[in-house]
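The values are calculated or read from the model by the stated rules, or taken from the named source; none is laboratory data. A quick note: this is a predicted structure, and the numbers were derived from the prediction, not measured. Positions of Cβ are backbone-derived with ideal geometry, glycine not excepted, and every protein chain shown enters the neighbour counts.
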Amino acid sequence: MQIETAVTRMLGIDLPIIGAPMFLVSYPDLVCAVSNAGGIGTMPALNYRTTDELRKGLSEIRARTSKPIGINLILHKEHNPKWAEQFQVCLEFKVELLITSLGSPRSIVKEAKSVGSKVFCDVTTLKHANIVAKSGADALIAVAQGAGGHAGAISPFALIPYLKQELPDLPVVASGAISNGRQMAAALALGADAVYVGTRLIATPEANAYDEYKQMLIDSAPEEIIYSPKISGIPANWLKRSIDKLDPDFKPDTGLNVDAKSWKEVWSAGHGVAQISDIRPAGDIITSMADDYQQVKKGLP
């Protein structure tokens, strides 16, 4: 099946579905599963402690799939002092998609495009979108309210058409609570050119997440997602049940009362938990999203 958009044409993929790069969750198994199903799988460079380990991870992926893949780079020395070295490894492997966070892509765009890589940038506001657009970004990832991890605070019903209106020449990827084909259809109806799927792909055999984490996604409701800057230092969405295990007295504006290592047991998720009821192979999720999308289109009044 093919669903053609500006993003699928740009990346050479069949489906406008990007598997979001998730810290300590997305590794070669998940990347390959999403890419082989017709979307594009991605992972954070920060999942690897050294550039040699990143190189091994990319070598494994290239041995397992010929499909396009992506890497997330945090372009901020404080949060990722090795980003320049990681970028060189991505150039070496001619990674098709580079997703930048926490910084301007200006420093990498020219080199990235010299090897055929596209540069997409996470944005949560028009101000940030304008900055990355002027820096040469190929597309915007509209990280809206309800996304897992470092989410924005604007509803996707406002953010996506807002960015399309103000920056009509740049494709927009919708991010935030997208778990199935109905939500994908809604995102594309708002003007998105692709969707970003994160939380739903944690509940898969290919995700590098604890079984307890995966089960917690099934058991949790969107009312149990906590939005707070006090865990990672940046506003993000978290599973309340994982926080309660460590610090039952946690308040979103005060921070965790735990030791330095325990916060890693606080697990991220978005409002898309509302549509997670089982653990399924990642490839099945991608293809079923595309199938459901087609059925939803036919059923619209």
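Taking region 226-236, which residues are in contact with a strand residue (DSSP E or B) (Cβ under 6 Å, 6 or more places away or on another chain) and touching a residue at least 60 places away in the same chain (Cβ under 8 Å)?
Tyr227, Ala236
So if I check each of Glu206, Glu224, which one is more than 18 Å from Gln275 (Cβ to Cβ) and not aliphatic (A, V, I, L, M)? Spell out how you get there, then give the answer.
On the way: Glu224 fails: more than 18 Å from Gln275 (Cβ to Cβ).
That would be Glu206, the only listed residue that is more than 18 Å from Gln275 (Cβ to Cβ) and not aliphatic (A, V, I, L, M).
Looking at the structure I just gave you, is Arg200 surrounded by fewer than 16 Cβ atoms within 10 Å (Cβ to Cβ), closer than 25 Å to Val173 by Cβ, within 21 Å of the chain's Cα centre (by Cα) and basic (Lys, Arg)?
No; evaluated as a whole, the condition is false for this residue.
Go through region 14-23 and report how many residues are free of Cβ contacts under 8 Å to residues at least 60 places away in the same chain and surrounded by 24 or more Cβ atoms within 10 Å (Cβ to Cβ). Steps first, answer last, please.
Initial filter on region 14-23 (free of Cβ contacts under 8 Å to residues at least 60 places away in the same chain): 14.
Retained after the next criterion (residues that are surrounded by 24 or more Cβ atoms within 10 Å (Cβ to Cβ)): none.
Count: 0.
Here's a check for you: in region 104-125, which residue that is part of a loop (DSSP other than H, G, I, E, B) and under 18 Å from His79 (Cα atoms) is modelled with the lowest pLDDT?
Ser104
What is the one condition in (1) closer than 16 Å to Met289 by Cβ; (2) of a type outside the set (S, T, N, Q); (3) in contact with a Leu (Cβ under 6 Å, 6 or more places away or on another chain) that Met216 does not satisfy?
Condition (1) is where Met216 drops out.
For region 24-34, check the following and say yes or no: at least one residue is touching a residue at least 40 places away in the same chain (Cβ under 8 Å) and over 17 Å from the mean Cα position of the chain (by Cα).
No, every residue in region 24-34 fails to be touching a residue at least 40 places away in the same chain (Cβ under 8 Å) and over 17 Å from the mean Cα position of the chain (by Cα).
Residues that are within 27 Å of Met184 (Cβ to Cβ) and of a type in the set (S, T, N, Q): find the helices (runs of 4 or more DSSP H) completely inside region 1-99 holding 2 or more of those.
28-36
Which residue pairs have Cβ atoms closer than 7 Å, lie 6 or more positions apart in sequence or on different chains, and pair a first residue in region 80-91 that is without any contact (Cβ under 8 Å) to a residue 60 or more places away in the chain with a second residue that is part of a helix (DSSP H, G or I) and of a type in the set (Lys, Arg)?
Val89/Arg55
Quick one: which of Val197, Val172 is out of contact with any Leu (no Cβ under 6 Å at 6 or more places or on another chain) and of a type in the set (A, V, I, L, M)?
It is Val197.
Checking Asp244 against (1) in a loop (DSSP other than H, G, I, E, B); (2) at pLDDT below 95, only one condition comes out false. Which one?
Checking Asp244 against (1) in a loop (DSSP other than H, G, I, E, B); (2) at pLDDT below 95, the one that fails is (1).
Answer with yes or no whether Leu58 is buried (at least 19 other Cβ atoms within 10 Å of the Cβ) and more than 17 Å from the chain's Cα centre (by Cα).
yes
Go through region 126-155 and give me each residue that's touching a Cys at 6+ places or on another chain (Cβ under 6 Å) and assigned to a helix (DSSP H, G or I).
Answer for region 126-155, where residues must be touching a Cys at 6+ places or on another chain (Cβ under 6 Å) and assigned to a helix (DSSP H, G or I): just Val132.
Report, by residue number, each residue of region 131-168 that is over 30 Å from Leu239 (Cα atoms), among the hydrophobic types (A, V, I, L, M, F, W, C) and either surrounded by fewer than 24 Cβ atoms within 10 Å (Cβ to Cβ) or outside the structural domain of Ser179 (by TED's automatic domain parsing) (or both).
Within region 131-168, Ile131, Ala133, Leu167 meet the criteria.
Quick check, is Leu91 out of contact with any strand residue (DSSP E or B) (no Cβ under 7 Å at 6 or more places or on another chain) and crowded, with 23+ Cβ neighbours inside 10 Å?
Values: out of contact with any strand residue (DSSP E or B) (no Cβ under 7 Å at 6 or more places or on another chain): yes; crowded, with 23+ Cβ neighbours inside 10 Å: no.
Answer is no for this residue.
Out of region 50-89, which residues are more than 15 Å from Ser26 (Cβ to Cβ) and among the hydrophobic types (A, V, I, L, M, F, W, C)?
Ala63, Leu75, Trp83, Ala84, Phe87, Val89
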